[in-house]
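Input: a single structure, listed below in structure tokens.
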Amino acid sequence: MKKQKKVVPQRKTPFSVYMKRYWQLYALLLLPLTYLLIFKYIPMAYIQIAFKKYSIVESIWEMPLAANHGFEYFIKAFNNKDFLYALRNTLTLNLLDLVVGFPAPIIFALILNEICFKRFKRVVQTIAYMPHFLSWVIVYSLALQLFAPDAGLVNMLIKDLGGEAIPFLNEPAHWVGTYIGLGVWQSFGWNSIVYLAAIAGINPELYEAASVDGAGRFKKMWHITLPGLKPTIIVLLIMNLGNILGSGFDRPFAFQNNLVMRVAEVISTYVYKVGIKGLQFSLTTAVGLFQSVVGVIFLLLANWLARKLGERGIW
Amino acid sequence: MKVKSTSAKIGDWIFVLICVLLSVICLVPMINLLAKSLSHTDYLIRNEIYLLPKGFNLDAYTTVLHDMKYVRAFFWTAFLTFVCTIFSLVMTTLCAYPLIFEKLKGRSAINVFITITMFFNAGTIPNYLLMKSLDLLNNPLVLIVPSCLSVYNMIIMRSFFYGIPDSLRESAEIDGATFFQILTKIYVPLSKPVFATLALFYAVGRWNGYSDALMYMKNAKYYPLQLLLYNILNNINQVEVATQEGFSAPGLSESLKAAIVMFSTIPILLIYPWLQKYFIHGVTLGAVKE
């Protein structure tokens with residue numbers, strides 16, 4: 001009996017024994033975690049520049065605090081016309097992307113789901129995924145070729161039909177339309193993959209039962225397919241809302257030209273031009289911090305709202 | 001099979017028609033570009049090119065292939081893409097594999113450490129200053145190292161690893177295999193689909209990316225193809241463009257641009273259809289939450 005009692009503590013493996021077995025896993029993790037530490041966490045220390053007067057000679061810890069309790073650059077940013085334009089444009093373009101671009105892949109998935117010829121469906125899918133693999137520089141150059149006032153295919157067709165050339169890329173309102181449209185063009189196929197997978201996971205018996213009850217195509221779509229997609233839609237919507245103030249750099253930067261800068265300048269490109277090109281590090285770090293914090297707040301809010309409405313949210 | 005009514009059949013065909021239309025919309029820009037790149041200058045100047053080339057010739061492609069600037073950038077980008085893809089796959093595996101072991105102490109803390117980086121980004125300028133302090137500016141490594149691990153891709157790989165039965169791993173453990181052996185002998189051979197998917201994601205990201213080179217790289221020798229293309233489209237380095245194309249008709253520069261775009265797109269367009277069944281699975285794994 002006594003001997004057995006001595007064995008009992010063995011159930012909790014001593015740390016040294018545990019490490020003897022598991023050190024390899026930690027060794028494997030060493031490189032990726034170091035990478036994240038250096039390239040994702042150290043930059044967070046640089047965020048304090050937003051609150052400090054930047055100088056090249058001093059280390060970030062020794063720079064003096066900026067005026068107004070360190071909030072000088074935030075105040076400056078919000079009194080800066082260019083930044084306010086960039087903020088407005090970021091919100092406008094992202095909202096339009098959300099309104100137009102978010103439903104597009106869902107609708108496409110619903111359409112594809114109605115196709116019964118398997119071969120044909122696969123070909124359509126392959127073609128629809130193609131634009132996703134083009135870089136934004138390429139997409140813009142396609143747009144240049146397609147929408148040029150004289151030599152562009154679209155304007156040539158419009159003129160052939162007796163219309164007038166439309167300045168798709170050179171006039172602000174049209175530029176916004178082109179920007180959003182090509183965004184949808186580039187992503188609708190790719191983003192439909194997730195929805196198609198979700199549709200494939202819906203129990204086929206539901207459709208059969210509905211058919212027996214005499215439900216038509218659209219009734220089934222509305223009462224079975226869409227409810228089946230709801231969790232996926234909610235998760236992706238939350239992720240999109242978290243990105244409402246975020247903006248990739250590649251897409252807007254590739255699309256910008258001098259004639260439309262008033263509507264085309266977004267936060268990411270503003271930061272690049274004023275920060276990296278213009279060397280106003282403190283101001284643009286403040287702008288970047290504002291962007292990141294708002295992003296996190298939106299994400300949390302959207303997630304909270306989703307849970308409040310009885311959905312699963314993203315965590 | 002049940003017999004369909006006529007109206008249902010008409011409905012089917014309407015959906016087919018919509019799909020054909022969408023496919024055309026996806027393809028037309030590329031076809032138009034291809035036609036332009038293959039057409040003779042005269043027709044281009046007169047704006048006569050729609051979807052078929054007129055005055056078929058390969059002059060634009062010959063010019064591109066004889067210009068060392070493009071050929072060099074092409075091979076440099078190809079090399080960069082290859083190195084990045086291999087390196088990123090290794091990093092992703094190293095990160096994803098240990099995290100599937102529930103017995104790993106500190107696992108949840110590590111998960112939090114990783115997840116935070118997904119939702120909070122320090123921003124452009126802090127990243128730039130980091131590169132500066134690491135002496136990576138204008139160093140070709142800056143196009144490889146900073147983007148070598150995507151947490152999103154790591155999650156895809158981890159989800160795939162979770163799908164491999166635990167029993168395989170456990171029996172190997174009982175047989176005395178080390179964790180490293182289990183990785184190389186069991187997990188890697190079974191994970192070819194997810195490796196194919198992520199290789200495609202990383203390769204496309206590197207091939208298509210230009211912002212890191214724009215921000216961190218001043219040495220034009222190391223410009224990836226997309227940045228070179230961006231500069232050409234926006235007539236940056238005017239002098240260079242002028243000396244190169246100044247003597248030729250404006251039409252040729254149009255077909256030249258078209259040829260350069262084709263030249264820098266074709267590798268990806270040739271690869272992705274073959275990996276379709278893999279990446280569909282990969283994207284789906286990414287959307288599955290834990």
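The values are calculated or read from the model by the stated rules, or taken from the named source; none is laboratory data. Everything numeric in this text was worked out from a predicted model, so none of it was measured. Methodologically, a virtual Cβ is constructed for each residue, glycine included, from the backbone with ideal geometry; neighbour enumeration extends over all protein chains shown.
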Problem set entry | Long-range neighbours under 6 Å by Cβ, at least six apart or interchain, first residue surrounded by 12 or more Cβ atoms within 10 Å (Cβ to Cβ) within the range B:171-189, second part of a loop (DSSP other than H, G, I, E, B) | B:L183/B:Y97
For this session: State yes or no: is A:I127 within 9 Å of chain B (Cβ to nearest Cβ) and outside any helix (DSSP H, G or I)?
Result: no
Problem set entry | Elements of type helices (runs of 4 or more DSSP H) contained in the range B:153-220, each with 3 or more residues being modelled with pLDDT of 90 or more and more than 12 Å from every other protein chain (Cβ to nearest Cβ) | B:166-174, B:192-208
Exercise. Got a sec? Which helices (runs of 4 or more DSSP H) wholly within the range B:1-95 have at least 3 residues that are crowded, with 19+ Cβ neighbours inside 10 Å and either free of Cβ contacts under 8 Å to residues at least 12 places away in the same chain or outside the structural domain of B:I110 (by TED's automatic domain parsing) (or both)?
Worked result: B:6-38
Exercise. Could you say whether any residue in the range A:72-85 is in a helix (DSSP H, G or I), facing chain B (nearest Cβ under 8 Å) and free of Cβ contacts under 8 Å to residues at least 12 places away in the same chain?
Worked result: no
Exercise. Has the range B:161-173 got any residue that is assigned by TED's automatic domain parsing to the domain that holds B:D67, among the small types (G, A, S) and more than 25 Å from B:M91 (Cα to Cα)?
Worked result: yes
Exercise. Is there a residue in the range A:19-27 that is surrounded by 13 or more Cβ atoms within 10 Å (Cβ to Cβ), among the aromatic types (F, W, Y) and modelled with pLDDT under 90?
Worked result: yes
Problem set entry | Qualifying residue in the range A:154-166 (condition: in a helix (DSSP H, G or I), of a type outside the set (F, W, Y) and away from chain B (no Cβ under 11 Å)) | yes
Exercise. Which residues, taken from the range A:103-123, are more than 12 Å from chain B (Cβ to nearest Cβ), farther than 21 Å from B:Y272 by Cβ and surrounded by fewer than 16 Cβ atoms within 10 Å (Cβ to Cβ)?
Worked result: A:P103
Exercise. Restricting attention to the range A:239-254, which residues are among the hydrophobic types (A, V, I, L, M, F, W, C), more than 11 Å from chain B (Cβ to nearest Cβ) and in a helix (DSSP H, G or I)?
Worked result: A:L241
